[in-house]
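The values are calculated or read from the model by the stated rules, or taken from the named source; none is laboratory data. This structure is a prediction, so every number in the text was calculated from the model and none was measured. Note: ideal-geometry Cβ built from the backbone for every residue, glycine included; neighbour counts use all protein chains shown.
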Amino acid sequence: MTDADIAVLRQKIHGLPAEGYVEALRERLPDKEIVYARTPAEEREALRTVPVAAGFTVTPDLLDEAENLELFACSFAGTGHLPMEALGDHGVAVTNASGVHGPNIAEHVLGSILSFARGFHTAWRQKDRNEWRSFQTHELQGSTVAVVGLGAIGQAIVDRLDPFGVDTIGVRYSPEKGGPTDEVLGFDELHDALAVADYVVVAAPLTDETEGMFDANAFKTMKPSSVLVNIGRGPIVDTDALVSTLETNAIRGASLDVTDPEPLPRDHDLWTFDNVLITPHNAGHTPKYWERLADILAHNVKQAEELGAYEELENQVN
């Protein structure tokens, strides 16, 4: 491994083996020697010499031996688990996987909204009972959708909503940045969006500002006909407040890809509601994960060669 240019460290996601990442990188960077470190020993050996490593994490003790490392390409969108200070001290640039999940999570959100609009969850229950009976439905056209969080995923959601003739409101920490929605509000104006939205999509990261954002007071503001869709993080929603809201029919329903706690215990009350769709943190699954991740890394490697430094990279976080 001493002559390698890029080392892919041990990793797998959504049941996809890392060999797919290696293959995708080799297709995009045919002139580079790319190795897959399958064991801790192989990781340590590779990191001693390679300028680029890709994986979920790297420990400070490995960094001490990684004398040539210039770029660590994290396979997660979040980097809070990384030893960022140590990486900075060693002069290692860090990138993340922001945007990789945009298409698939946006499709998951759209599917959730359409399911509630057209009553697919009701149809599935009736099918299980061999029951032929019509039911009330809604139209998505003309609805108002509030998207809380306008990062790469939030923007992908808004893009896919555009053909459906809906009004969109974006709610973000820095509203001065604008966004693709018809209106952009700050977190301090959240209730203005909740008061008029038919569908509320949580696409924000978990921060001090967003933890517990959807509490009893927020649900009190939401319309009784509104639907909550959470593909952000479980603790953004106060679970007890959500259960109480559902028990009193104070909102139409919820689609939850993330929960608090997670995994959701088998005996939790959320499982008992017919108007709650629960998926096991599955919105992020896509068979194209490695290809999209390889696109980012290959672009950054080529750019670094042109500029002579790993600076101003796509998705750089330090």
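Let's see how each residue does on (1) aliphatic (A, V, I, L, M); (2) in contact with a Gly (Cβ under 8 Å, 6 or more places away or on another chain); (3) under 30 Å from Asn275 (Cβ atoms):
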{"position": "Phe56", "(1), (2), (3)": "no, no, no"}
{"position": "Leu82", "(1), (2), (3)": "yes, no, no"}
{"position": "Ser112", "(1), (2), (3)": "no, no, yes"}
{"position": "Phe120", "(1), (2), (3)": "no, no, yes"}
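Taking the criterion of being buried (at least 17 other Cβ atoms within 10 Å of the Cβ) and farther than 20 Å from Glu209 by Cα, the residues of the stretch 167-182 that qualify are Thr168, Pro180, Thr181. Taken as a whole, the stretch 288-303 holds at least one residue that is surrounded by fewer than 18 Cβ atoms within 10 Å (Cβ to Cβ) and either outside any helix (DSSP H, G or I) or touching a strand residue (DSSP E or B) at 6+ places or on another chain (Cβ under 9 Å) (or both). For the stretch 151-188, a residue qualifies if it is part of a helix (DSSP H, G or I), aliphatic (A, V, I, L, M) and touching a residue at least 24 places away in the same chain (Cβ under 8 Å), and the qualifying residues are Ala152, Ile153, Ala156, Ile157, Leu161. Residue selection: Arg252 fails the criterion of being farther than 30 Å from Ala4 by Cα, assigned by TED's automatic domain parsing to the domain that holds Ala203, out of contact with any helix residue (DSSP H, G or I) (no Cβ under 8 Å at 6 or more places or on another chain) and not hydrophobic (A, V, I, L, M, F, W, C). If I filter the stretch 70-127 down to residues being of a type in the set (Ser, Thr, Tyr) and in a helix (DSSP H, G or I), which single residue comes out as farthest from Gln316 (Cα to Cα)? Once the filter is applied, the top-ranked residue is Thr122. In the stretch 238-256 there is no residue matching the filter, namely being in a loop (DSSP other than H, G, I, E, B), surrounded by fewer than 18 Cβ atoms within 10 Å (Cβ to Cβ) and under 22 Å from the mean Cα position of the chain (by Cα).
Of all residues in the stretch 21-36, none are farther than 21 Å from Lys302 by Cα and hydrophobic (A, V, I, L, M, F, W, C).
Residue by residue, here is whether (1) of a type in the set (S, T, N, Q); (2) buried (at least 21 other Cβ atoms within 10 Å of the Cβ); (3) at pLDDT 95 or above holds:
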site: Val50; (1), (2), (3): no, yes, yes
site: Leu63; (1), (2), (3): no, no, yes
site: Ala73; (1), (2), (3): no, yes, yes
site: Ala77; (1), (2), (3): no, no, no
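Restricting attention to the stretch 201-232, the residues that are modelled with pLDDT under 95 and crowded, with 20+ Cβ neighbours inside 10 Å total 0. Every condition in (1) free of Cβ contacts under 8 Å to residues at least 24 places away in the same chain; (2) on the phi > 0 side of the Ramachandran plot is met by Ile278 except one, and the failing one is (2). For the stretch 114-135, a residue qualifies if it is over 30 Å from Asp162 (Cα atoms) and either outside the structural domain of Val200 (by TED's automatic domain parsing) or of a type in the set (S, T, N, Q) (or both), and the qualifying residues are Gln126, Asn130. Where strands (runs of 3 or more DSSP E) fall wholly inside the stretch 1-69, the ranges with 1 or more residues that are without any contact (Cβ under 8 Å) to a residue 60 or more places away in the chain and not aliphatic (A, V, I, L, M) are 34-36, 52-55.
Taken together, Asp198, Asp188, Asp240, Asp192 contain a single residue that is under 21 Å from Leu110 (Cα atoms), in the same structural domain as Leu150 (by TED's automatic domain parsing) and modelled with pLDDT of 95 or more, which is Asp198. Residues that are under 30 Å from Tyr199 (Cα atoms) and surrounded by 15 or more Cβ atoms within 10 Å (Cβ to Cβ) occur at least once in the stretch 85-97.
Reported count of residues in the stretch 201-220, each being in a helix (DSSP H, G or I) and closer than 21 Å to Val109 by Cβ, is 2.
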